[in-house]
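The values are calculated or read from the model by the stated rules, or taken from the named source; none is laboratory data. Just so it is clear, the structure is predicted and the values come from calculations on it, not from any experiment. Note that each Cβ is placed from the backbone with ideal geometry, even for glycine, and that neighbours are counted across all protein chains shown.
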Amino acid sequence: MKEALKKIEEISRAIADQKGLRVKGVFFIKEKYGNVLRVVIDKKDGVTVEDCADFSRELNHILDVEDIIEGRYFLEVSSPGVNKLIDKEDFTGSIGKAIKVKLKSPVDGKKILRGNLKVVGDESFLLQDNFSSFNINFNNVEEAEVEE
């Protein structure tokens, strides 16, 4: 599946470049109702519904022709949302802010951490709450968002 996601990300980035968009992430998620291929796109002034629909049509056509993913899945193209942290750039822009992180694997026995984002590195970031600091690898992040 990793190779398929890598190829889908390459195709997605090519489409995004043509349309003045940026791909923030490509995810294959097993949901209750089935498998979901989620592509998160963004642009400087924000993504519109039309941007998502246009991108989705083009990507869907290519995926149908190339048959990269075996089995049934739903294609979902969306914007990142106002408070979502998807890529390293999002994290870097949120240094000093309070964030909530849902983890794939527990850190200090916790799967959900809250704290202030202190430092962002190449592969991880430092989150500090009132009592502790946590160095969290980006690969261990399931979801992250700025808390208001």
Residues in the stretch 122-138: is at least one hydrophobic (A, V, I, L, M, F, W, C) and modelled with pLDDT under 90?
yes
Residues (touching a strand residue (DSSP E or B) at 6+ places or on another chain (Cβ under 6 Å), outside any strand (DSSP E or B) and without any contact (Cβ under 8 Å) to a residue 24 or more places away in the chain) located in the stretch 6-40
E9, R13
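Taking the stretch 1-49 as the region of interest, how many residues are of a type in the set (V, I, T) and under 16 Å from the mean Cα position of the chain (by Cα)?
9
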Would you please name the residue that is farthest from F74 (Cα to Cα), looking only at residues in the stretch 27-45 that are among the β-branched types (V, I, T) and crowded, with 16+ Cβ neighbours inside 10 Å?
I41
Within the stretch 90-101, can one find any residue that is surrounded by 14 or more Cβ atoms within 10 Å (Cβ to Cβ), touching a residue at least 60 places away in the same chain (Cβ under 8 Å) and under 23 Å from K44 (Cα atoms)?
yes
Subset of the stretch 48-78 (residues that are in contact with a strand residue (DSSP E or B) (Cβ under 6 Å, 6 or more places away or on another chain) and in a loop (DSSP other than H, G, I, E, B)):
Y73
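Checking the conditions here, which among E70, E142, E123, E148 is out of contact with any Phe, Trp or Tyr (no Cβ under 7 Å at 6 or more places or on another chain), within 25 Å of A4 (Cα to Cα) and either in contact (Cβ under 8 Å) with a residue 12 or more places away in the chain or surrounded by 14 or more Cβ atoms within 10 Å (Cβ to Cβ) (or both)?
On inspection, the qualifying residue turns out to be E142.
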Single residue of D51, D90, D45 found to be modelled with pLDDT of 90 or more and on the phi < 0 side of the Ramachandran plot
D51
Taking the stretch 98-134 only, how many residues are of a type outside the set (A, V, I, L, M, F, W, C) and under 22 Å from G25 (Cα atoms)?
9
